[in-house]
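The structure appears right after this line, and notes come after that.
What follows is calculated from the coordinates using simple rules that are stated; it is not laboratory data. This is a predicted model, so every value here is computed, not measured. Positions of Cβ are backbone-derived with ideal geometry, glycine not excepted, and every protein chain shown enters the neighbour counts.
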Amino acid sequence: MDIAALSMGLSQMNLYQQASISVIKMAMDTTKVQAVDLTQMLEINTKIMEQSINPHIGGNIDIRL
């Protein structure tokens, strides 16, 4: 067996594996950002829908001392 060729093959395989892991990490980060954005958008839409159904609720505050 050629030790130099084996060493180069293992090194190349390691490089491909590291590149794959980096791509997966980038995809995971993008997914996390999209999930946070979706959650915020749903919260905002929920508030807007609640306000459109009951527009008089929450508009005034009665305070007595």
Sort the following peptides by mean Cβ neighbour count (other Cβ atoms within 10 Å, averaged over residues), highest first: 11-17, 57-63.
11-17, 57-63
For helix 3-53, what angle does its Cα long axis make with the longest principal axis of the chain, in degrees from 0 to 90 and rounded to 10?
10 degrees
Can you tell me the length gained on complete extension of the stretch V23 to L42, counting 0.36 nm per residue apart and subtracting the Cα distance?
4.0 nm
State, to one decimal in nm, how far the label point of D62 lies from the label point of T31, with both points 7 Å from Cα in the Cβ direction.
5.1 nm
Cα shape, the chain, gyration tensor, a/c 1.5 rule:
prolate
